[in-house]
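Following: one structure in structure tokens, then a few remarks.
Taken together, the values in this text are just the output of simple stated rules run on the coordinates, not laboratory data. All values derive from a computational prediction rather than experimental measurement. Note: ideal-geometry Cβ built from the backbone for every residue, glycine included; neighbour counts use all protein chains shown.
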Amino acid sequence: MRWFAIPKMTISLPLAVIAAVALIGINETGYEQSTRAVDEMTRSQATHATLNRLLQNMLDAETGQRGYMLTGDTRYLEPYTSAIVQVNANLDELRGIFRPHSDELNGFARLALHVAQKLSEMELSVRLRKQGNEDAWKFVMLTDVGREHMDAIREQSYQLIAQTSARMRDSQAQIERSLLLARIGIAMVALIGLLAFYMYLRQTSALNRAGLREQEALGRERDRLESQVRDRTASLGELATHLQQVREEERGHLARELHDELGALLTAAKLDVARLKSKVGTAPDVVERLQHLTETLNSGIALKRRIIEDLRPSSLANLGLTASLEILTREFAERSGINLEINFETVELDQSAQLTVYRLVQESLTNIGKYAEAKNVIVTLHNYPGYVALEVRDDGNGFSVDNVRPASHGLAGMRHRVESAGGKLSVTSAPGQGTVVSAVLPHS
């Protein structure tokens, strides 16, 4: 079957090309022949019309001339003169028509000669009438010379009309032959085209069947890859959640170590300084040094407390989410000098979701302090039936969300935290228009 399919595939295209070339050739040949025939018919019609106008103008000129001859009224000379001008124009037009055709040019020359003779005869009569030579102009009028010239003009005009009519009939016959050739050619080309189309359909059907088989194979492979991607995405999500939990556990462990070990050491050192201060007397330099040491230890204790709160906010377990957020935002405002407004409502979330909200606010404030250069920040937390809505809004520099790398500004971690809690995170920002980070989490 495949051995027989190859010739069909190689023949269908050449057949289609041959059909197209043949159709173009037939069309162009018929067009050229028809164009020539139409041009010839147009010329013949123009010749007929001009010859008829010539005859009419000659009659008008003769009528005006005879009217003047018989009455002597010069008003008859106006149509006579006008007709003479039109006759000369008709002769010029006919000369332009017959010039490319030498076989008809001789006939036109004879016609022009008869017209010139007739015009001369009429001009002579008019001139004699103007001069008052009665016998001469009457003699000219009474002869048959004028009638003979007019009969010769009519006869020669009819011969030229007959020649152009014959040429017009030949042109019509040429158009009919061109149309017949076009009909035959188009019919043959249509048959060739149908054959090529049939072979193309056979080829296309075979290719479609092969394409369907390939698509089915690709579909199976795509389904397998999508299944692997889903499995690996789920695994990565579980791994990210596990790493997040481990990170929080490590933070909690480190916070407890700092609280228990470093806190005890700093407290003991502070007590030792107090004992030394009571025993060294009142030497100014020693008192100043001990006072400086006490302040340093107090700063270390405050730093330890702040680090512990950043690692594992004890206020979250002791005071609740709302109080912890108030402490977090107040400390941020004091450190950064940014005007910060809050609007918190009491919400009911489990410990994991509360930590998610806390970390989201903490990460957002950290990004604002590092990058936003904002002057005002608004943090709101609202409780709705079925879900909790959090929003952090600033009037800082903003950024293009479409051009941000996935991991920029901690967005990837924030989004994973919220989605792991069953919520949805959205970030709206534009350069120079600030940033809005909003999250929706379901009730526990």
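Note on residue 424: aspartates and glutamates with a C-alpha under 19 Å away, same-chain residues under 8 apart excluded, are 238, 348, 350, 363, 391, 402. Between residue 229 and residue 265, the simple label model (points 7 Å from Cα in the Cβ direction) yields a spacing of 5.1 nm.
Annotation: aspartates and glutamates with alpha-carbon distance below 15 angstrom to residue 375 (same-chain offsets under eight excluded): 334, 341, 394, 395.
Other residues lying with their Cβ under 14 Å from the Cβ of residue 106 contribute a combined charge of +1, Lys and Arg counting +1, Asp and Glu -1.
Using R₀ = 41 Å, calculate the FRET efficiency as 1/(1 + (r/R₀)^6) where r is the Cβ-Cβ separation of residue 397 and residue 292; round to 0.05. Display every interim value, and only then the final one.
Numbers: r = 40 Å, r/R0 = 0.98.
Efficiency, from the Cβ-Cβ distance: 0.55.
Sequentially through segment 118-131, phi angles give Karplus couplings (6.51, -1.76, 1.60; θ = phi - 60°) of 5, 5, 5, 4, 5, 5, 5, 4, 5, 5, 5, 5, 5, 7 Hz, Gly and Pro residues having no value and appearing as x. With a simple spin-label model that places each label point 7 Å from the Cα along the Cα-to-Cβ direction, the separation between residue 317 and residue 53 comes to 11.5 nm.
Once the Cβ-Cβ distance of residue 120 and residue 165 is raised to the sixth power relative to R0 = 30 Å, the FRET efficiency obtained is 0.50.
Using R0 = 30 Å, the C-beta based FRET efficiency linking residue 373 and residue 424 works out to 0.60. Label sites at residue 274 and residue 155, each approximated as a point 7 angstrom past Cα along Cα to Cβ, lie 15.5 nm apart. Return the whole-Å distance between the Cα centroid of segment 170-208 and the Cα centroid of segment 326-391. Centre-to-centre (Cα) distance: 78 Å. Couplings 3J(HN,Hα) for segment 367-373, derived from phi with the Karplus relation 6.51 cos²θ - 1.76 cosθ + 1.60 (θ = phi - 60°), are 5, 5, x, 7, 10, 6, 6 Hz, where x marks Gly and Pro.
Of all aspartates and glutamates in the structure, the ones whose alpha carbon falls short of 18 Å from that of residue 279, not counting any fewer than 8 places away in one chain, are 288.
Of the Cα atoms belonging to segment 68-162, the radius of gyration and Dmax stand at 15.3, 46 Å.
Given the peptides 169-175, 153-159, 436-442, arrange them by the average over their residues of other C-beta atoms within 10 Å, most packed first.
In decreasing order of mean packing, 169-175, 153-159, 436-442 become 436-442, 153-159, 169-175.
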